[in-house]
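Presented below is the structure to which this report refers.
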Amino acid sequence: EKGGWSSFMAKEISEEPEAIAKTLLGRITDGAVHVEELEPLRDSLAEINRIVILGCGTAAYSGMLAKYAIEKWAKIPVDVELSHEFRYRDPILDEKTLVISVSQSGETMDTLMAVKYAVDAGARTLSICNTQGATIPRESDAVMYTHAGPEVAVASTKAFVAQIAAFYLFALHLAAVRDTLTKREISGLLEELQALPDQLATVLEQHDKIKELAGWMVDTSAVLFLGRHAGFPVALEGALKLKELAYIHAEGFAAGELKHGPIALIEPGQPVFVVVPSPRGENSLHPKVVSNIQEIRARGARILAIAEQGDAAVLPYADVVIPIPLASTLFEPLLAVAPLQIFAMELAAAKGLDVDQPRNLAKSVTVE
Ligand code: F6R
């Protein structure tokens, strides 16, 4: 069943381009989003004034990216919350709130209980889920399935990129409903979304290079991950993968937070992955992240940069650069996360660990 791959995780990472393509399949026609599954929410989508996204772990990180996309494209305020924190703090919800839960398994108890709380409070509910007929979609007003295919490895990989693709489709649909983007802008963004599978396939070709890097780092005791804006959830996900799979202390930071504390951790030899924004990015974060790189490099950090192809500014400071193809800011995470997944997997494999079944973890967490 692993089809020649050494693990389900390796196979599932290789399936990421297809997972994105399948999630988009049949949902884009004539430069517009058509998702029939959203029909039950048709009236609500015009009336809501707020969105709350709920998930755990990797799923919650896809929700962070959804927040950036929905706020930018559809101009509705979005809060992202860990499901298990949500219902214990008297959250404010009403019929003008859309609660979107995101879950690969659709069975995560923390998320299920949070959705039930939202239903009782009168909110509208949408489930983004990878497992047909699971419990969370059944408890929700509508479900938009990700079509990543079954995910067997405990660590989530292809489901994550499919969740982001589904969220972006939803965000662009919402932008059409609420008239916050022109048809032309929407069709342009959809074209970029549809280009991602081929672009991601080229990133996956760097597997051997990343494996080699992981091989050099088997004795590493801590790794830091830095990102900013859309790169921040990628940094968090890179750190989570490394903890789960390789049992190495790993932490993801927003790059801007460095000077507020974490920079004290930098000592000579400390490996730091940096997700570098595009130098063409509309929000000019690139020079800021490059200067973060310079600061930590001056203190002896080893820089492992994930940067846009041809980004010459990082070259003088990086020990290793993993190039990704040109993409707009919000699409970069779909290209930047795979190298971090591969790194964690290969480092775990180099340590002789079972990458499909890390210790102490279960594929779906059905207890609170
Ligand atoms: C990380 C991972 C977990 C899950 C989390 C939510 O690799 O697998 O963090 O993402 O337990 O699971 P679902 O998406 O099934 O609700």
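Within the bounds of segment 184-192, is there any residue that is touching a residue at least 60 places away in the same chain (Cβ under 8 Å) and either within 17 Å of the chain's Cα centre (by Cα) or under 22 Å from Ala307 (Cβ atoms) (or both)?
yes
Among the listed residues Glu192, Glu151, Glu139, identify the single one that is more than 22 Å from Ala69 (Cα to Cα), open to solvent by 40 Å² or more (accessible area, probe 1.4 Å) and not hydrophobic (A, V, I, L, M, F, W, C).
Of Glu192, Glu151, Glu139, the one residue that is more than 22 Å from Ala69 (Cα to Cα), open to solvent by 40 Å² or more (accessible area, probe 1.4 Å) and not hydrophobic (A, V, I, L, M, F, W, C) is Glu139.
Out of the residues in segment 38-57 that are open to solvent by 10 Å² or more (accessible area, probe 1.4 Å) and in a helix (DSSP H, G or I), which is nearest to the ligand (Cβ to nearest atom)?
Checking each candidate, the answer is Gly57.
Here is a yes/no grid of residues against (1) hydroxyl-bearing (Ser, Thr, Tyr); (2) more than 23 Å from Leu169 (Cβ to Cβ); (3) free of Cβ contacts under 8 Å to residues at least 60 places away in the same chain:
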residue	(1), (2), (3)
Ala59	no, no, no
Tyr88	yes, yes, yes
Glu95	no, yes, yes
Ala121	no, yes, yes
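Confirm whether Val78 is open to solvent by less than 20 Å² (accessible area, probe 1.4 Å), closer than 21 Å to Gly231 by Cα and either more than 16 Å from the ligand (Cβ to nearest atom) or basic (Lys, Arg) (or both).
It is true that Val78 is open to solvent by less than 20 Å² (accessible area, probe 1.4 Å), closer than 21 Å to Gly231 by Cα and either more than 16 Å from the ligand (Cβ to nearest atom) or basic (Lys, Arg) (or both).
I need a count of the residues in segment 199-220 that are in contact with a helix residue (DSSP H, G or I) (Cβ under 8 Å, 6 or more places away or on another chain) and part of a helix (DSSP H, G or I).
Going through segment 199-220 one residue at a time, the tally reaches 11.
State all residues of segment 151-182 that are within 12 Å of the ligand (Cβ to nearest atom) and either out of contact with any helix residue (DSSP H, G or I) (no Cβ under 6 Å at 6 or more places or on another chain) or among the charged types (D, E, K, R) (or both); if no residue qualifies, say none.
Glu151, Val154, Lys158, Ala159
May I ask you to verify whether Gln341 is assigned to a loop (DSSP other than H, G, I, E, B) and within 16 Å of the ligand (Cβ to nearest atom)?
Considered against the rule, which asks whether it is assigned to a loop (DSSP other than H, G, I, E, B) and within 16 Å of the ligand (Cβ to nearest atom), Gln341 comes out as no.
Test Val119 against the criterion of being of a type in the set (A, V, I, L, M, F, W, C), more than 16 Å from the ligand (Cβ to nearest atom) and open to solvent by 50 Å² or more (accessible area, probe 1.4 Å), and give yes or no. Full working, then the answer.
Numbers: of a type in the set (A, V, I, L, M, F, W, C): yes; more than 16 Å from the ligand (Cβ to nearest atom): yes; open to solvent by 50 Å² or more (accessible area, probe 1.4 Å): yes.
Considered against the rule, which asks whether it is of a type in the set (A, V, I, L, M, F, W, C), more than 16 Å from the ligand (Cβ to nearest atom) and open to solvent by 50 Å² or more (accessible area, probe 1.4 Å), Val119 comes out as yes.
Checking the conditions here, which among Leu347, Leu353, Leu361 is within 30 Å of Pro150 (Cα to Cα), outside any loop (DSSP other than H, G, I, E, B) and either open to solvent by 20 Å² or more (accessible area, probe 1.4 Å) or among the hydrophobic types (A, V, I, L, M, F, W, C) (or both)?
Within the list Leu347, Leu353, Leu361, the selection yields Leu347.
Which residues, counting only those in segment 234-280, are assigned to a loop (DSSP other than H, G, I, E, B) and under 20 Å from Ala350 (Cβ atoms)?
Residues satisfying the conditions are Tyr247, Ile248, Gly269, Gln270.
Looking only at segment 281-301, filter to residues that are of a type in the set (A, V, I, L, M) and not in a loop (DSSP other than H, G, I, E, B); which one of those is surrounded by the fewest Cβ atoms within 10 Å (Cβ to Cβ)?
The extreme case among them is Ala298.
Looking at Thr125, Thr111, which is the one that is open to solvent by less than 30 Å² (accessible area, probe 1.4 Å), over 19 Å from Pro197 (Cβ atoms) and more than 12 Å from the ligand (Cβ to nearest atom)?
Exactly one residue qualifies, and that residue is Thr125.
Out of Ala338, Ala312, which single residue is more than 18 Å from Glu282 (Cβ to Cβ) and over 23 Å from the mean Cα position of the chain (by Cα)? Walk me through it before giving the result.
Values: Ala338 fails: over 23 Å from the mean Cα position of the chain (by Cα).
The conditions single out Ala312.
For every residue, the table says whether it meets (1) basic (Lys, Arg); (2) at positive phi; (3) under 21 Å from the mean Cα position of the chain (by Cα).
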position: Ala10; (1), (2), (3): no, no, yes
position: Glu39; (1), (2), (3): no, no, no
position: Gly57; (1), (2), (3): no, yes, yes
position: Tyr61; (1), (2), (3): no, no, yes
position: Asp79; (1), (2), (3): no, no, yes
position: Val99; (1), (2), (3): no, no, yes
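Does segment 58-98 hold any residues that are of a type in the set (Phe, Trp, Tyr) and not in a helix (DSSP H, G or I), and which are they?
Taking segment 58-98 first, the residues of a type in the set (Phe, Trp, Tyr) are 61, 68, 73, 86, 88.
Once the filter is applied, which keeps residues that are of a type in the set (Phe, Trp, Tyr) and not in a helix (DSSP H, G or I), segment 58-98 yields only Tyr88.
Name the residues in segment 84-108 that are surrounded by fewer than 19 Cβ atoms within 10 Å (Cβ to Cβ) and more than 10 Å from the ligand (Cβ to nearest atom), would you?
Of everything in segment 84-108, those that are surrounded by fewer than 19 Cβ atoms within 10 Å (Cβ to Cβ) and more than 10 Å from the ligand (Cβ to nearest atom) turn out to be His84, Glu85, Tyr88, Arg89, Asp90, Ile92, Asp94, Glu95, Lys96.
If I ask for residues that are away from the ligand (no atom under 16 Å from the Cβ), in contact with an Asp or Glu (Cβ under 9 Å, 6 or more places away or on another chain) and of a type in the set (A, V, I, L, M), which ones from segment 227-273 would you list?
Scanning segment 227-273 gives Ala230, Leu258, Ile263, Leu265, Ile266.
The values are calculated or read from the model by the stated rules, or taken from the named source; none is laboratory data. Nothing here was measured: the structure is a model prediction, and the numbers come from that model. Cβ: placed from backbone, ideal geometry, glycine included. Neighbour counts: every protein chain shown. We work out accessible area using only protein heavy atoms, side chains counted, and drop any ligands, DNA or RNA first. Shrake-Rupley method; radii C 1.70, N 1.55, O 1.52, S 1.80 Å.
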